[in-house]
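Structure first, commentary second.
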Amino acid sequence: MSELTWINAALTAARPQAIAALMRYFRDLDTAEEAFQDACLRALRNWPQNGPPRDPAAWLILVGRNAALDGVRKRAKLAPLPPDEAISDLGDAEAELAERLDGAHYRDDVLRLLFICCAESLPPGQQIALALRIVSGLTVRQIARAFLTSEAAMEQRITRAKAKIARSEVRFEVPGPVERAERLGAVAAMIYLVFNEGYSSGVSTVRACLCEEAIRLARLLLRLFQTEPEIMGLTALMLLQHARAPARFDKAGEIILLDDQDRNLWDGKLIAEGLALIDKALRHRQPGVYQIQAAIAATHSRANRPEETDWRQIDALYAALERLQPSPVVTLNRAVAISKTRGPAAALEMIAPLAAQLSGYFYFFGAKGAFLSQLGRREEAHAAFTQAIALAGSPAEAAHIRMHLDRLTRETPPLP
């Protein structure tokens, strides 16, 4: 591992803890971020010569805090910060801070930082952007590219989010059990939104990084809440979905459906980690929406070939999900399982009542077109596929539906 690589890895890993502790100290996001950046610059100068400190997060917190305080002192014409040589080897000062910032402090600080990014006053888009900037440390350019927007627009979005946070009454004490449970759900939802932002939008490298960053945040949350089955389920769900990434698109960037994917390309390590997590979560017998979705993904992952997929199990899992979280999208997904077990006619009957609710949903018309095509109802399938293309959210989605339209013109689909 190169010198720059291990330093970058250490800074990335320590970022949530350091930013959170600095924010608790200064109670201002901008000040905490600037203090952390100053500490990182000093780390880049000092660590190559002196080696990494025993506790990188504690080092960055101490140096960042001192750098920020030095700014205050300079403005007040007080004594300046000691030179780099005086803090390059923190010795007892670092040990003392590491003892004071024990596991409980880190737990509360990191969780508090995630909670602040999920403030109720912020719309989901601002929550995600702020979390990626503050917690994950992505640049404004990276976030803007991921959201397919300009840097200026993204900068404004993050600035507005920070301003709302600054105007709000932020509570810095540890939340009680009920409040913590409520906030934990918001944090989990935010992390999954980050993942979906990357997962649903093609082969862009930046978007793949969003999936990986969401998984990193979920693992962090899992370390903080090691016995929470829903956090296990969330982490397992993202691992199992991301494991299929190498097989989801062809070289031209077009979508490859699950049944057509080369399963040898799936990431076995991610699958093994995800399966172990969901099995552990289910043993708690406290079912939740993330656990059920992860169980569905696990059922797909356990099938070596498409024909080995246990669609009856998937149907039962979607039925359980419908009871916990009734949604037309959940019913639409269940209809796919129904088409495999009871045929496309039964699936069409199931989604018919969803037409009004999902009139602007790409996947509804894509699924409807597929069911109609399987039944040989070519004109109706053509109309559904055309509507799906009009609603496509990416070139890959549109290209995939055009492939079905081309197939309709070439051959008559066989009846089931």
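The values are calculated or read from the model by the stated rules, or taken from the named source; none is laboratory data. Everything quoted here is computed from the prediction, not taken from an experiment. Reconstructed Cβ throughout: ideal geometry from the backbone, glycine too, with neighbour counts over all protein chains shown. Keep in mind that these areas ignore ligands, DNA and RNA; they rest on the heavy atoms of the full protein, side chains included. Shrake-Rupley method; radii C 1.70, N 1.55, O 1.52, S 1.80 Å.
Results for (1) at pLDDT 85 or above; (2) closer than 27 Å to Ala214 by Cα; (3) open to solvent by 10 Å² or more (accessible area, probe 1.4 Å), shown as yes or no for each residue.
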{"position": "Thr5", "(1), (2), (3)": "no, yes, yes"}
{"position": "Ala18", "(1), (2), (3)": "yes, yes, no"}
{"position": "Arg27", "(1), (2), (3)": "no, yes, yes"}
{"position": "Pro48", "(1), (2), (3)": "yes, no, yes"}
{"position": "Pro53", "(1), (2), (3)": "yes, no, yes"}
{"position": "Trp59", "(1), (2), (3)": "yes, yes, no"}
{"position": "Asn66", "(1), (2), (3)": "yes, no, yes"}
{"position": "Asp70", "(1), (2), (3)": "no, no, yes"}
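Of all the listed residues (Ala9, Ala35), the sole one being surrounded by 14 or more Cβ atoms within 10 Å (Cβ to Cβ) and not charged (D, E, K, R) is Ala35. Does Asp310 qualify as being of a type outside the set (A, V, I, L, M) and more than 22 Å from Gly366 (Cα to Cα)? Considered against the rule, which asks whether it is of a type outside the set (A, V, I, L, M) and more than 22 Å from Gly366 (Cα to Cα), Asp310 comes out as yes. Which of the following residues is open to solvent by 30 Å² or more (accessible area, probe 1.4 Å) and either outside any helix (DSSP H, G or I) or modelled with pLDDT under 70 (or both): Lys162, Lys77? After ruling out the rest, the residue left standing is Lys77. Checking each residue in region 370-408 for being of a type in the set (A, V, I, L, M, F, W, C), without any contact (Cβ under 8 Å) to a residue 24 or more places away in the chain and out of contact with any Gly (no Cβ under 7 Å at 6 or more places or on another chain) picks out Ala383, Ile389, Ala390, Ala398, Leu405.
Listed here are the residues, each with its yes/no results for (1) within 29 Å of the chain's Cα centre (by Cα); (2) more than 27 Å from Ala245 (Cα to Cα); (3) free of Cβ contacts under 8 Å to residues at least 12 places away in the same chain; (4) exposed (fewer than 14 other Cβ atoms within 10 Å of the Cβ).
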| residue | (1), (2), (3), (4) |
| --- | --- |
| Leu275 | yes, no, no, no |
| Arg285 | yes, yes, yes, yes |
| Val289 | yes, no, no, no |
| Leu321 | yes, no, no, no |
| Val329 | yes, no, no, no |
| Asn333 | yes, no, no, no |
| Gly343 | no, yes, no, no |
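Selection of region 174-198 for residues being at pLDDT below 80, small (Gly, Ala, Ser) and open to solvent by less than 50 Å² (accessible area, probe 1.4 Å) yields Gly176, Ala186, Gly198. Entry remark, region 247-276: residues being charged (D, E, K, R) and touching a strand residue (DSSP E or B) at 6+ places or on another chain (Cβ under 8 Å) number 1 in total.
Could we say that Ala383 is surrounded by fewer than 14 Cβ atoms within 10 Å (Cβ to Cβ), of a type in the set (Gly, Ala, Ser), farther than 30 Å from Leu239 by Cβ and out of contact with any strand residue (DSSP E or B) (no Cβ under 6 Å at 6 or more places or on another chain) here? The answer is no for Ala383. Among the residues making up region 386-402, a single one is open to solvent by 70 Å² or more (accessible area, probe 1.4 Å) and touching an Asp or Glu at 6+ places or on another chain (Cβ under 9 Å): Pro395.
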